[in-house]
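Read the structure below first, then the notes.
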Amino acid sequence: MAETLPPPAGIDVLEAMYTTRAMRRLKPDPIPAETLRAILDAAIRGPSGGNSQGWAFVAVQDPALKLQLEEVYRPALEALFQPGGPYHKPLNSEDAELAARTRKMADSALHLAHHLHEAPVIIVPCVRTGGRPTDISTGSSIYPAVQNLMIAARAFGIGSTLTTVHRMRQDDVRAALGIPADYETAALIPLGYPRGRWGVAARRPVEEVAFGDRWGEPLP
Ligand SMILES: Cc1cc2nc3c(=O)[nH]c(=O)nc-3n(C[C@H](O)[C@H](O)[C@H](O)COP(=O)(O)O)c2cc1C
């Protein structure tokens, strides 16, 4: 198979990295088949341990299957914000800034949870485990490809969100999509043209999280 470069998508790679954010409000407009193929072809350029390429990507477009995925995803997502869930406390915090920030995230996440089936494509990236327990090295052989996928989508003007809450009920996802038992579903990624605008992802400053030579020492 010839390994050739695709035609340029028309966006600088750093711009794509800076503006690939969780885009949870998506239009239902279809993604052309050749664009979807190009996005997946960029995903599989990612690295994997020993170049094992133990991955598979299920691109779900069937409306009934998308609804089935939403039925798994929605309750799992809602539980995050309910009593006992990890975001219930911050959502109801007396720290007004924390509560407001969590509310914003909750609104966006709940919107996606209730509209997941409207995304024209939902990608389920899978990684072969051979039945062995998963750990950080399992993930490190699939998430570089996942990030490639999201950046390639961005280059085509397509929004994405890396989601994982379906994993609480991933056997239901396996059953719906016919995924073999020795593959883990690493994520569930709705793709679609965004309703909102692209913006630069807000993050803690690099000075806080990157060091020079030794932990805690400033970058040059
Ligand atoms: C490992 C992982 C799991 C995530 N799971 C979910 C999820 O289940 N649902 C969701 O709406 N967003 C999920 N996200 C998206 C994050 O909330 C999002 O990347 C983060 O808030 C930063 O958003 P921003 O890029 O728009 O600034 C997940 C992200 C990562 C990296």
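The values are calculated or read from the model by the stated rules, or taken from the named source; none is laboratory data. Source: prediction; values computed, not measured. Neighbour counts are summed over all protein chains in view; Cβ atoms, including those assigned to glycine, are modelled from backbone coordinates with ideal geometry. Keep in mind that these areas ignore ligands, DNA and RNA; they rest on the heavy atoms of the full protein, side chains included. Shrake-Rupley method; radii C 1.70, N 1.55, O 1.52, S 1.80 Å.
Odds and ends about this structure:
- Per-residue [θ]222 nm for the chain (sum of -39500 (n - 2.57) over DSSP H runs n ≥ 4, rounded to 500): -12000 deg cm²/dmol
- Packing, as the average of other Cβ atoms within 10 Å across residues, places the peptides 182-194, 127-139 in the order 182-194, 127-139, highest first.
- Pairwise centroid distance, computed over Cα atoms, of the stretch 39-94 with the stretch 166-209, Å: 4 Å
- Here K89 is the anchor, and the lysines within straight C-alpha reach of less than 23 Å, apart from those fewer than 8 places off in the same chain, are K104.
- A simple packing score, the average count of other Cβ atoms within 10 Å per residue, orders the peptides 5-11, 147-153 as 147-153, 5-11, with the highest score first.
- Sequence-distant contacts, meaning Cα pairs under 8 Å at least 6 residues apart, place the relative contact order of the stretch 13-195 at 39 percent.
- Taking the DSSP beta bridges with both ends in the stretch 13-195, the antiparallel portion is around 95 percent.
- Given their separation in residues at 0.36 nm each and the Cα-Cα distance between them, I11 and A99 gain 28.1 nm when the chain is fully extended.
- Fraction of accessible area attributable to carbon and sulfur, the chain (%, probe 1.4 Å): 55 percent
- Accessible surface, per residue, of the stretch 13-195 when the full set of protein chains is kept, probe 1.4 Å, Å²: 50 Å²
- The protection proxy used here, the mean number of other Cβ atoms lying within 10 Å of each residue, ranks peptides 200-210, 71-81 as follows, highest first: 71-81, 200-210.
- Modelled FRET efficiency - R0 41 Å, E71 with S137, Cβ distances, 0.05 increments: 0.80
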